[in-house]
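First up is the structure itself, then whatever we jot down about it.
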Amino acid sequence: MGMAEFGIGALTLPGAQICGAAPAGEAPECTEGDASFLIEAWPLYRPNLRFAFGAGITLGLIPVTIPEQQQPTDQTIERDHSRSYFTVEAMGRYYLWVGEVTEFWAGVTTGLVVVSDRFVVESGVLADRALVGPQGVTIRTEGLAIGIALGGAYALSDNWSLSAALRYGQWFLP
């Protein structure tokens, strides 16, 4: 049978270093850890009661940690910074318990992760020089994601279930 899962949740990155701008010649101040609200979609194929496989996407669009910006002066450009996370992953599941209305599974995931930082200039003039070119720039970093997952579902009817999942992954970014 085919099935589709849609979810909302939280993406937590306890080891991520978030650094703000620093005056010239000084090291930037960094904080460790980030989190983002996420939405996800997983179409899966389940050939029997014990196995399922498929692929899905996860979008983390609203990060909680905002890096501190350097105070604008006549020698700096005032800008806004936003960050987002995107993954495309394949998942394989093994169902540990399948009951009448509940089921529990364990699985593995692997795929692509993209971290996107967008900087947008907020002022068009820098002292006596006009700003020429695009008003912003996006810097993307792509890498590999691997992980494990646990989850369960409670059947509300023949075609609808309420489920929960917990995933742990490792991102390998250049």
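The values are calculated or read from the model by the stated rules, or taken from the named source; none is laboratory data. Please read all numbers here as calculations on a predicted model, not as lab measurements. Here the Cβ is made from the backbone with ideal geometry for all residues, glycine too, and neighbour counts use every protein chain on show.
Confirm whether Phe119 is in a strand (DSSP E or B), under 25 Å from the mean Cα position of the chain (by Cα) and modelled with pLDDT under 95. Yes. Of all residues being charged (D, E, K, R) and more than 28 Å from Thr138 (Cβ to Cβ) in the stretch 81-101, which is surrounded by the fewest Cβ atoms within 10 Å (Cβ to Cβ)? Just the residue, please. The selected residue is Glu100. Criterion applied to Ile62, Ile57, Ile77 was being out of contact with any Lys or Arg (no Cβ under 9 Å at 6 or more places or on another chain), at pLDDT below 95 and in a strand (DSSP E or B), and the one residue passing it is Ile62.
Can you say whether Ala149 is in contact with a Lys or Arg (Cβ under 7 Å, 6 or more places away or on another chain), under 16 Å from Glu5 (Cα atoms), modelled with pLDDT of 95 or more and among the small types (Gly, Ala, Ser), as far as the supplied structure shows? Criteria met by Ala149. Flag: Ala27 does not match the condition of being surrounded by 15 or more Cβ atoms within 10 Å (Cβ to Cβ) and modelled with pLDDT under 85.
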